[in-house]
Amino acid sequence: MNKVLFFAHLRDAVGEEFIEWDAAGKTVAELKEEIATNYKLQKMETVMTAINEEFAADDEVIKTGDTIAFIPPVSGG
């Protein structure tokens, strides 16, 4: 299993700070698609992803026990 963390509006949309999800062996892109479908999220393609606190590309493969964080773009001034 993997811990998946959500930040900003994603946390509000999911209703949880984190979830447990079986993501081992999947790419970041595959996990984004599963999460988007399951929680009816949009624009996941603009969300940054970190695996174990290091930014990860969409083609990176997730391992058992990895912690994945989804970080949406932020704006402000």
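Bear in mind that the values in this text are calculations on the coordinates, not laboratory data. Owing to the predicted nature of the structure, the values given are computational and were not obtained by experimental measurement. Using ideal geometry, Cβ is built from the backbone for each residue, glycine included, and neighbour counts are taken over all protein chains shown.
The orientation-averaged shadow of the Cα convex hull for region 2-71, equal to a quarter of the hull surface, comes to 3.9 nm².
Could you pull out the GluC sites (Glu not before Pro) across region 15-63 that fall in loop regions by DSSP (anything but H, G, I, E, B) with no more than 14 other Cβ atoms inside 10 Å?
Working: sites: GLU16, GLU17, GLU20, GLU30, GLU33, GLU34, GLU45, GLU53, GLU54, GLU60; in loops: GLU16, GLU17, GLU53, GLU60.
Answer by residue number: GLU16, GLU17, GLU53.
The lysines whose alpha-carbon is closer than 17 Å to the alpha-carbon of LYS40, local same-chain residues fewer than 8 away aside, are LYS32. Considering only beta bridges that DSSP places wholly inside the chain, some 75 percent are antiparallel.
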